[in-house]
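Down below is the structure, laid out as structure tokens.
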Amino acid sequence: MTKKHEDDPQGRAGEKAPRGFNANRRNFLRTGAAAAAGVAAVPFIGTSAKAATASTSGGIKNLPPLGEVPNYKDYGRGKKGMEAAENWVTDFLQPSTLTKDQQMAEMKFLHEAAAPYRGMEVNVVSEVTATHQFEANILSKAFEQITGIKVNHDTMQEGDTVSKLETQMATGTDVYDLFINDSDFIGTHPRMDDVVPITDYITGAGKDITLSTLDVDDFIGKSFVTWPLNNKMYMIPDGQFANLYWYRKDWFDRPDLKKRFKDKYGYELDVPVNWSAYEDIAEFFTNDVKHLDGKRIYGHMDYGKKDPSLGWRIHDSWLSMAGMSDKGLPFGHPVDDWGIRVNEQQNPVGASVERGGATNSPAAVYAITKYKEWLQKYAPPEAAGMTFSEAGPVPAQGHIAQQIFWYTAFASSMTKPGLPVVNEDGTPKWRMAPSPHGPYWEAGMKLGYQDCGSWILPKTTPAKKRAASWLYAQFCICKSVSLRKSWAALTPFRTSDINSKEMGEAAPYLGGLVEFFRSPAHKYWTPTGTNVPAYGKMTSAWWKNIAQINSGALTPQEGMDKVAEELDEVMHRIQIAGLEKVAPPKLNPKKSKEYWFKQPGSPKPKLANENPPGETLPYDELLKAFNDPSSIGKKASKGDS
């Protein structure tokens, strides 16, 4: 039986919540983990020149503060056209992987290509993130000075962005000329035929206004935005971050703790390779160590409040981390990380096991069971009542040993001077590392999630406005700008940027971000894929039912049965209404679960042993192991069978 807080012999239910647990979403987006930890923070927006002495950069000379989005300043100095471009390139758009002459060549192209559209006004919308604030507050104004095209770049919460996108597509109105939305919609846009594929535009109507140096092969997330039936890019990446394992390396390196752990479990206290090791480490810090540096500590952090962000917690590849999906990169095929199966023509045929899906399969139920169990047993008591944005800053308070599901978007706000997880020299006491996997996982499967915000060209946009908007999108992602933007927001999206000398210098201050994106490991972390035919319409099935599981109203099996049923129902409605023009859902007739369990791949039957021996590896060895992921288990330190 799952242990409840009131049954806890340690009396955790009565513990006082650490300071900062009530951080609200707006405060988090403004000041991040530092504010939640009660430390004077340099905000994402509104950083002054003085931030250089309190930045993530730790004293990297001749470079802007790392991980800080500054206030707007008129670096164009009142000039227009190429004079403005010269000033922006010289005084603000550094560092860059290009020489200044190469940057000026890109600016010249954009300036001249904009001639027919000078004086036009275009409307752009994206969600509120540091990346998009950098664009909306700074790049849009620089672009206007250089090209003469005015950009109204609105930012809003993700749900509002999705709502406006879906309304515009449904009504055919042109409110926004350009959207930045998650690449998770790569299964929606091609089926709805509601956007102009990027590949078509840059080789067709937009060829003459597309930079020759755009270099689409340089985008880390190119495969995330490519539709498999025609190999076309329907979106183009703008910034991305991964969902990784986070841990207190300083604690894991302590000889006394390493000895205690090995004496009890028979293997090394190191980065967990599998979920069994993660659970052992969570138990060790929560119930054996209990206190460090005068603080009550916990071996796990998570969140569980009924909220749309609870859906992200699960459908952002949690089931695939357990091993629920099929092999295949960037997405499992034919069954993906939502548990949806497609046929060879990319028609979704079902999420439930009875239709060949895996959303309610034993692997999925195992993943949900562990999610709830660890939340109750090893996380701070208040974590179950928190949302994504409330839980995100908590590890920076210094009382969390590890977190299996941690977004790298928090990196910049967890490296501020004065935080209990930052050394005096500005380097972090923590590291991010490749996530451990569950017992159903096999080599060749994806292992985690990446969020990849991407530009789309709506079909509702008139041709001239589309052209002007495309010039703005290029300005924001071109090599002249991309490294400066990634330096500020820490959401790298170009291979050339992550491999730059400047990012190499920043690596010691970013806790593993650079090493991860430079390693072969990063390709195993991918967004929601092409199997999901209506992302915006299907997400509510997740968070509403997971909340029911957390409350005890439904068992994990009952809850996942409902998720699968509701996903099938949405796909059935799309099918009978004829809403999708390309590869629409065509649900399989139901068959017995036993029939599907006997077929190759996913859905997989229940394992006789879901708790294999724990395995760990040193951080550097784990990164190297991704050159040959099948070798990970062979190199690991293992517990007893």
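The values are calculated or read from the model by the stated rules, or taken from the named source; none is laboratory data. These numbers come from a predicted model, not from an experiment. No Cβ is skipped: glycine too gets one built from the backbone with ideal geometry, and neighbour counts run over all protein chains shown. When the accessible area is computed, the model is the full protein with side chains, heavy atoms only, and any ligands, DNA or RNA have been set aside. Shrake-Rupley method; radii C 1.70, N 1.55, O 1.52, S 1.80 Å.
For a straight C-alpha distance cut-off of 14 angstrom, the aspartates and glutamates reachable from Lys501 (same-chain residues fewer than eight places away being disregarded) are Glu515. Binning the C-alpha pair distances of segment 490-641 at 5 Å intervals from 0 yields a P(r) profile of 1, 7, 10, 11, 12, 13, 14, 15, 10, 5, 2, 0 %, listed from the shortest bin outward.
Please get the size of the charge dipole for the chain, origin at its Cα centre, with Cβ charges of +1 on Lys and Arg and -1 on Asp and Glu, quoted in debye to the nearest 20. Can you show the working numbers first?
On the way: 75 positive and 76 negative charges, 66 e Å.
The dipole magnitude comes to about 320 debye.
The residues of segment 110-242 expose on average 34 square angstrom of accessible surface per residue, using a 1.4 Å probe on protein heavy atoms. Each residue of segment 371-387 was assigned a 3J(HN,Hα) from its phi angle through the Karplus curve 6.51 cos²θ - 1.76 cosθ + 1.60 (θ = phi - 60°); the sequence is 3, 5, 4, 5, 4, 6, 8, 10, 8, x, x, 7, 4, 5, x, 10, 9 Hz, with glycine and proline shown as x.
Taking the Cα centre of segment 263-414 as origin, work out the dipole magnitude from +1 charges on Lys and Arg Cβ and -1 charges on Asp and Glu Cβ, in debye rounded to 20.
Here the size comes out at about 360 debye.
Considering only DSSP beta bridges where both residues belong to the chain, give the percentage that are antiparallel (nearest 5). Mind showing how you got there, number by number?
On the way: 32 of 45 bridges.
Beta bridges within the chain, antiparallel portion: roughly 70 percent.
Report the calculated FRET efficiency for Arg118 and Leu229 (r = Cβ-Cβ distance, R0 = 30 Å), to the nearest 0.05. Can you show the working numbers first?
Details: r = 39 Å, r/R0 = 1.29.
E between Arg118 and Leu229, to the nearest 0.05, is 0.20.
For the chain, the relative contact order works out to 24 percent when only alpha carbon pairs closer than 8 Å and six or more residues apart are counted. For the chain, the fraction of 1.4 Å probe accessible surface lying on carbon and sulfur atoms is 50 percent. Computed about its Cα centre, the charge dipole of segment 421-502 is approximately 620 debye, with only Lys, Arg, Asp and Glu carrying charge at their Cβ.
Across the options Leu419, Pro434, Val124, the greatest Cα extent toward the positive end of the charge dipole of the chain (unit charges at beta carbon of Lys, Arg, Asp, Glu) belongs to Leu419.
If contacts are Cα pairs under 8 angstrom and at least 6 residues apart, what is the relative contact order of segment 76-205 in percent?
Values: 140 pairs, mean separation 33.0, N = 130.
25 percent.
Here the chain is described by how far its Cα atoms reach on the three principal axes: 70, 62, 42 Å, from widest to narrowest.
Each residue, Leu607 and Asn343, gets one label point 7 Å from its Cα in the Cβ direction; the gap between the two is 3.3 nm. Measuring nothing but how far apart in sequence close Cα pairs (under 8 Å, 6+ apart) lie, relative to its length, segment 297-363 scores a relative contact order of 20 percent. Rg over Rh for segment 292-334 works out to 1.20, using Cα positions for both radii and the Kirkwood form for Rh. Centroid-to-centroid, using Cα positions, segment 66-83 and segment 273-306 are 45 Å apart.
Look at the dipole of the chain built from charges on Cβ: of Thr188, Met538, Ile202, the Cα furthest out on the positive end belongs to Met538. Here r is the Cβ-Cβ distance between Asp74 and Lys464 and R0 is 30 Å; the resulting FRET efficiency, rounded to 0.05, is 0.60. Give the lysines reachable from Lys591 as a straight Cα distance under 22 Å; neighbours fewer than 8 places away on the same chain don't count. Of all the lysines, those that pass the test against Lys591 - Cα under 22 Å, at least 8 places apart if same chain - are Lys562, Lys604, Lys606. Remark: segment 317-331, residue by residue, has Karplus-estimated 3J(HN,Hα) of 6, 4, 5, 5, 4, 6, x, 6, 8, 8, 5, x, 10, x, 10 Hz, where x stands for each Gly or Pro and the curve is 6.51 cos²θ - 1.76 cosθ + 1.60 at θ = phi - 60°.
Solvent-accessible area per residue for segment 345-431 at a 1.4 Å probe radius, Å²? Spell out each step's value before the answer.
Working: 1680 Å² over 87 residues.
Accessible area per residue, segment 345-431: 19 Å².
Evaluated over segment 278-432, the count of Lys pairs having alpha-carbon atoms less than 16 Å apart is 4 (only pairs 8 or more residues apart or interchain).
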